[in-house]
Amino acid sequence: MSQPNRIQGNNASAQSRVDVSKPITFSFNNKPYTGYAGDTIASALLANDVDVVGRSFKYGRPRGIVAAGAEEPNAILQLGKTEATQVPNIRATQQLIYEGLECHSTNGWPSTERDVMGVVGKLFGRFMPPGFYYKTFMAPSKLWMTYEKMIRKGAGLGRSPKAVDPDTYETINQHADVLVVGGGPAGITAALNAARTGARVILADEQNEFGGNLLSQTDLLDGAPAQDWIDNSIDELATADNVTLLINATVNGYHDHNFLTIHERCTDQSFDLAPEGEIRQRMHRVRAKQVILATGAHERPLVFGNNDIPGCMLASAVSTYINRYNVVPGKKLLLMTSNDNAYNTAFDWHNSGRLVRAIIDTRPAAGKTVVKKATDAGIEIIYSSAIVQAQGNTCISNAMVAPLDETGEKLSGSVKQYDCDTIATSSGWNPAVHLSCHTGGRPTWREDIQGFVPDNFNKNMIATGAGNGLYPLTEILQDAASAGAFAANACGFNATKTSYAKAAVEDVAPSMPIFHIPHFKPTSRAPKQFVDFQLDVTAAGIELAVQEGFESIEHVKRYTALGFGTDQGKLSNINGMAIAAKKLGKTIPETGTTVFRPNYTPVTFGAISGRNVNEFFDIERYSALHTWHVENGAEFEDVGQWKRPWYFPKGEESMHEAVNRECLATRNGVGIIDASTLGKIDIQGPDAREFLNRVYTNAWSKLPVGRCRYGLMCGEDGMVFDDGVTSCISDNHFIMTTTSGGAAHVFNWLEIWHQTEWPELEVYFNSVTDQWATLSISGPKARLLLGELTDIDLNPDTFKFMDLREGVVAGVPARVFRISFTGEQSYEINVQANYALAVWEKLFEHGAKYDITPYGTETMHVLRAEKGFIIVGQDTDGSMTPYDLDMGWAVSPAKEFSFLGKRSLAREDTVKENRKQLVGLKTTDAKTVAPEGSQIVLDPNQKIPMTMVGHVTSSYYSAVLERSIAMAVIKGGLDKMGDKVYMPQADGTTIEAEICSPVFYDPKGERQNVK
Amino acid sequence: MQHYSGFGLLKHAMSHHENWQRVWRNPTPKKSYDVVIVGGGGHGLATAYYLAKEFGITNVAVIEKGYLGGGNTARNTTIVRSNYLWDESAFLYEHAMKLWEGLSQDLNYNVMFSQRGVLNLGHTLQDMRDISRRVNANRLNGIDGEMLDAQQVKEIVPDMDCSANRRYPVMGASWQPRGGVARHDAVAWGFARGADALGVDLIQQCAVEGFEIEDGTVTGVKTTQYGTIKAGKVGCVVAGNSGVLADMAGLRLPLESHPLQALVSEPIKPILDTVVMSNHVHGYVSQSDKGDLVIGAGIDGYNGYGQRGSYPTIEHTVSAILELFPIFSRVRMNRQWGGIVDTTPDACPLISKTEIENLYFNCGWGTGGFKATPGSGHVFAASLAKGEMHELAKPFSIDRFNTGALIDEHGAAGVAH
């Protein structure tokens, strides 16, 4: 349980952020370890001298921790104590440890230390150059699916949980004047300067505390430890009402119009499962007037032979582990750098009391400040040299160092071996330009810093600090202060002066542009020189891609998979581009820029969806009578967002039995259906009538007050897309009904046409679907029943079919429509939704003696099919005109103004012979109900492909007719009455039927007028 | 062309892979070609390949403004299926499916066409009616398809929640076993390599900025890099930019360009062995051989040419996937991207001559073009070669928007692609 690499005593870092008074026990690969509060999994594992954290994807090579932040490619772990709380692919450098945390490597069998794939990789790695799978596994062709299974066995990193996540997530909308991305020295300074003007500021940082790189370095600010400045600054910001501080909060996506998402990890840094009442993660959806990108930079490793052996690390990461976590990840360090900055790593290492073997500088000279420090510490500097190859298996045993010529492209002398267990490298820094690219920005190459910086295409975005290629701390602070003030001013605030802390100015020598260390063998024959660790992309692979003609950097990336890992190439992209550029004989900017897309770091699906999952995936809509339906045992059907009663089984009844009973009860007595879900649109205005003329196919000019009319709506293509009854309340007031599922679409349709094409018409639309409940009673006893409850005169000679009356029903005001979807005498009673249940219960109280029977959508479908009434969406499919439906009576071509779809109704194809038309079908065997969706042929013996002439749209058993009935669309069907057709089924049987009228029941419509 | 094989791989390994040849040349264009294909995506490259291979027309150039296969070919979710409702679509996509089935061998390039099956889920009674209708039509057209109930779906995708507790429970599905996915980049590269070997010039980083039109006949294209290149015939295969290109010829096409987004999770161990698509909850998902969950949904509602979309579409897509697979809640989204799709009013492509003689367009594939790649290229090549539209292409003429002979895949089988 000891932590051999935790620095003890006088050598301990004064600025360490771990709390040694709070030991924490966790497990990795089933072994217990101890760390301290404030440790990440990575720092705790390094403290415990764990070298191997995983195995590489393709070659199964042992891999260790390379970095200390979002750019870590190797330490990708499976986290979680229970099945339901498993998290795949957690980056060990970004997850704090907590008591009882359990994590595992994602690859390696039987264990991460001894992995069989490692042997396979060693033996067969040479047969797996980039794209090898495109060149083989082609014969015999039948075996590909078997090959693929084998390939898939090696796929993936972690695994998905197999149980449902018990945690909840949420999203929150935020608005800010200035959003500052990144809470390092630049971000804090910018936030301070913006916030002091009164601007609303959000400062977000991905780490568990503010400070950024200051936490990793030993700089002084205003002559005091940087932590003092961080604490004071954050105190000031935290107490300001206009500032929101977010830690553990990664700005992961930048969208158009300064819309950004921040993924906040609320409890998962401390718990496997969120505590009761708390959420796991929160997604902030932020609209910011100004965005300041203070995202910092990622250090670039140098590419050399076997640079993936555990112990090869970024120089800055080594410093972070020493200064921030009090962990020194080895005993003997060899540092290779092309710049002054990385010398600090050697000094940090030295100060921790361990041996710095040497500093290998690729340059002929270094800056005075660092050279003096090195000399004072007695550290040897070897100039114009490089580490060409590391040696070792699961940890480094030594390194081969050779002199470089001045171009850095060739070795100029013999190799010397240095024993060491840690190699830290730095080839400079890459500004974290990712977010600036999300909305289409293409970063600009700056030769002086050998890096890409954000372009300034977005005038409401400012990049500052290291994220903009600015590295001396004093300059970062000054620039960030200006950025903060500028952003606030752009939002209309008045920043009169800026203020910022002062840091020491150091003498710095220029860095050397070098990415790929030459080997004494050609790249293709040298030990593997890794560029993208996670996907095992090597320098040789990149050169091979170019050699094969993949010259666009996008081709190189796609062919080699460079940058496609979960780190999205934060370490590898520039190195890969540099190697490709060299092979192409081009410069890096000529080779192309990098394109980054959201997310900056991966985001859980749960956080993206927030609460919009499970029952809230899509809202459930209920009618005012829903509880009654539930209490009375209804089975429900999803119709649009509505839950509609499908049928009301009694006792052990099957659906079929229930529907037969409901149908017969309606035909013989009285049935009742809750039709409240029908879309209802209140249309008012002097031009309401004219508007109806234009959107419906039929004429509305002469519809008298108090009358109802059925109408069809067509799209511009002349195809029916909705239908319903519209009634005239007064001369400039109509109430339109639509299908339940189509209501929103129809409403939008009316608004679109009104707002974009006919704004001159004075007409207003209001959705009143929820305000009115619709109780439809139907059957020979309907009038008797309603008569007991209303003051409306129901005399059928005066209150006729398709009439509307207003009055009182069951004591409440009501509109009663005499319209029918069953063919029976029917009344649709519309009352204010709040009264619906009382009226409904009154109807049952009085209807008991008539055996009033509630029915659902299934019975409704049967009853209307018996009458040949269509259901739009079931009997139509967007390819049926009114004429195809034999509903030409509902088209009035003579209307003064055209109507939607009219032109298309006259097109060549629309008027051609032999279009599919709606007809009825009677199966030869009356008991056989043809499956809906059956395809219809004329010649059942034709070989496949068969000529299909139509299909069955609706098909039921009719209890009242004691036989099956169906509706179908058949080519030229209206002229084929009496013809036989065939429906070949999947089971090999064929159903025979005869074409007939779709009106199966009461063809003369007499039941409507039962006295 | 260097032949690829497992043996070749072994041989090259011995020489440290130093002797692999270029997959295609990088030629300077000639002054004149029999056929110029504008657009070096999958469809354009397939057209060029079949022109050379099937019709012996090798004096062909493909002109690409960016890099080969860099548009929608590189941005789709790689689903291949042919279970379309209408005869016209079904025959066209099935034609493609048959070409897919031998494509790796034909190209000597493994496009990793994985016939792992495609499920189109149904969640409502009407979904199930539509599925029944479509599967019956497929069967009678000779296209494989079965209708499954929820239990059978569960057996194929055990990790999907097929219970009744979802907001929109799975009621069943159509199942096309021959459907699947392919490696999209490899499709473009395989066709490119094959076409190049047969003599086709692939011209990258060269945009077409206009047409030479004389007396109503196209005679060449004007390019940014190489001036005017003469052409006997010009075939335009530029997806989301079709409207822009047509405008250069003074044509208006019945197209709208929309962003279409897709996303991938981080790579995870194999958990999904087939393709799951749901039109009703509106999302589709499969798992790549690398382990990423590859996820897509519908187009963004607005028009645009920026290759990115809006975040609410991503939110809805992810919610849809969690509705089907609530266990993915803790899996993480790695990356999202967008392509520009050219959609027609009836959701079917345009493969057509135009009012300008010898100028042809192949576009309007909307969200579903990848699956058609070889078939689209093949019928377009045949049409260009013979000067008369291929039988399977004829119903997809621009003229259908005059006559009204639409092939409306929205209403009847508007499955997400």
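For the reader, a short list of remarks on this structure follows.
- Options A:Ala386, A:Ala377, A:Ala432, A:Ala424: the member that is under 24 Å from A:Asn351 (Cβ atoms) and surrounded by 21 or more Cβ atoms within 10 Å (Cβ to Cβ): A:Ala424
- Some residue of the stretch B:71-81 being closer than 30 Å to A:Val949 by Cβ and buried (at least 24 other Cβ atoms within 10 Å of the Cβ): yes
- Residue within the stretch A:245-267 that is surrounded by fewer than 23 Cβ atoms within 10 Å (Cβ to Cβ) and among the small types (Gly, Ala, Ser) present: no
- Subset of the stretch A:139-158 that is part of a loop (DSSP other than H, G, I, E, B) and open to solvent by 20 Å² or more (accessible area, probe 1.4 Å) - its residue that is nearest to the other protein chains (Cβ to nearest Cβ): A:Ala139
- Residues located in the stretch A:703-720, provided they are among the hydrophobic types (A, V, I, L, M, F, W, C) and in contact (Cβ under 8 Å) with a residue 60 or more places away in the chain: A:Cys708, A:Leu712, A:Met713, A:Cys714, A:Met719, A:Val720
- Test set (1) at the interface with chain A (Cβ under 10 Å from one of its Cβ atoms); (2) within 25 Å of the chain's Cα centre (by Cα); (3) closer than 30 Å to A:Thr953 by Cα - B:Arg178 fails condition number: (1)
- Residue satisfying all of: in the stretch B:146-175; facing chain A (nearest Cβ under 9 Å) and part of a loop (DSSP other than H, G, I, E, B); most open to solvent (accessible area, probe 1.4 Å) among these: B:Asn165
- Unique residue being hydroxyl-bearing (Ser, Thr, Tyr) and in contact with a Gly (Cβ under 8 Å, 6 or more places away or on another chain) when the list is A:Ser338, A:Ser352: A:Ser338
- Some residue of the stretch A:55-64 being within 30 Å of A:Asp219 (Cα to Cα) and either touching a residue at least 12 places away in the same chain (Cβ under 8 Å) or in a loop (DSSP other than H, G, I, E, B) (or both): yes
- Neighbours by Cβ (under 8 Å, 6+ apart or cross-chain): first from the stretch A:942-953, assigned by TED's automatic domain parsing to the domain that holds A:Leu921 and closer than 11 Å to B:Gly142 by Cα; second part of a loop (DSSP other than H, G, I, E, B) and open to solvent by 60 Å² or more (accessible area, probe 1.4 Å): A:Met946/A:Asp939
- On the stretch given as the stretch A:676-730, residues that are in a loop (DSSP other than H, G, I, E, B) and either of a type in the set (Phe, Trp, Tyr) or touching a strand residue (DSSP E or B) at 6+ places or on another chain (Cβ under 6 Å) (or both) total 11.
- Of the residues making up the stretch B:289-343, those that are open to solvent by 10 Å² or more (accessible area, probe 1.4 Å), more than 26 Å from A:Asn258 (Cβ to Cβ) and within 18 Å of the chain's Cα centre (by Cα) number 2.
- Strands (runs of 3 or more DSSP E) wholly inside the stretch B:306-417 that include at least 3 residues being within 14 Å of chain A (Cβ to nearest Cβ) and without any contact (Cβ under 8 Å) to a residue 60 or more places away in the chain: none
- Members of the stretch A:280-337 that are hydrophobic (A, V, I, L, M, F, W, C), in a strand (DSSP E or B) and over 15 Å from A:Ser352 (Cβ atoms): A:Met283, A:Val286, A:Ala288, A:Val291, A:Ile292, A:Leu293, A:Ala297, A:Val303, A:Cys312, A:Leu314, A:Leu334, A:Met336
- Taking the numbered list (1) among the hydrophobic types (A, V, I, L, M, F, W, C); (2) within 13 Å of another protein chain (Cβ to nearest Cβ); (3) in contact (Cβ under 8 Å) with a residue 24 or more places away in the chain; (4) open to solvent by 40 Å² or more (accessible area, probe 1.4 Å) in turn, A:Val603 passes all entries but (4).
- Answer residue from the stretch A:787-800, given it is farther than 12 Å from A:Ala814 by Cα and touching a residue at least 40 places away in the same chain (Cβ under 8 Å) and is surrounded by the most Cβ atoms within 10 Å (Cβ to Cβ) among those: A:Pro796
- Selected residue (criterion: surrounded by the fewest Cβ atoms within 10 Å (Cβ to Cβ)) from residues of the stretch A:65-88 that are outside any strand (DSSP E or B) and within 11 Å of another protein chain (Cβ to nearest Cβ): A:Glu83
- Residues in the stretch B:1-52 that are in contact (Cβ under 8 Å) with a residue 12 or more places away in the chain, open to solvent by 80 Å² or more (accessible area, probe 1.4 Å) and either basic (Lys, Arg) or facing chain A (nearest Cβ under 8 Å) (or both): B:Gln21, B:Arg25, B:Asn26, B:Lys30, B:Lys31.
- For the stretch A:470-517, a tally of residues being in a helix (DSSP H, G or I) and in contact with a Phe, Trp or Tyr (Cβ under 8 Å, 6 or more places away or on another chain) returns 4.
- Number of residues in the stretch A:606-623 that are facing another protein chain (nearest Cβ under 7 Å), of a type in the set (S, T, N, Q) and not in a helix (DSSP H, G or I) equals 1.
- Complete set of residues in the stretch A:1-47 that are part of a loop (DSSP other than H, G, I, E, B) and open to solvent by 30 Å² or more (accessible area, probe 1.4 Å): A:Met1, A:Ser2, A:Pro4, A:Gln8, A:Ala12, A:Ala14, A:Gln15, A:Arg17, A:Asn29, A:Asn30
- Options A:Thr591, A:Thr560: the member that is hydroxyl-bearing (Ser, Thr, Tyr) and surrounded by fewer than 24 Cβ atoms within 10 Å (Cβ to Cβ): A:Thr591
- Any chance A:Val891 is under 30 Å from B:Ala405 (Cα atoms) and either within 14 Å of another protein chain (Cβ to nearest Cβ) or aromatic (Phe, Trp, Tyr) (or both): no
- Taken together, the residues in the stretch B:344-358 that are of a type outside the set (Val, Ile, Thr) and either open to solvent by 10 Å² or more (accessible area, probe 1.4 Å) or out of contact with any helix residue (DSSP H, G or I) (no Cβ under 9 Å at 6 or more places or on another chain) (or both) amount to 6.
- Enumeration of residues in the stretch A:942-956 that are open to solvent by 40 Å² or more (accessible area, probe 1.4 Å) and touching a helix residue (DSSP H, G or I) at 6+ places or on another chain (Cβ under 7 Å): A:Ile944, A:Pro945
- Residues that are touching a residue at least 12 places away in the same chain (Cβ under 8 Å), charged (D, E, K, R) and in a helix (DSSP H, G or I) within the stretch A:546-580 comprise A:Glu554, A:Lys557, listed in sequence order.
The values are calculated or read from the model by the stated rules, or taken from the named source; none is laboratory data. Remember, predicted model here, so these are calculated numbers, not experimental data. Glycine also receives a Cβ, built like all others from the backbone with ideal geometry; neighbour counts cover every protein chain displayed. Areas reflect the complete protein model, heavy atoms only, side chains present, ligands, DNA and RNA absent. Shrake-Rupley method; radii C 1.70, N 1.55, O 1.52, S 1.80 Å.
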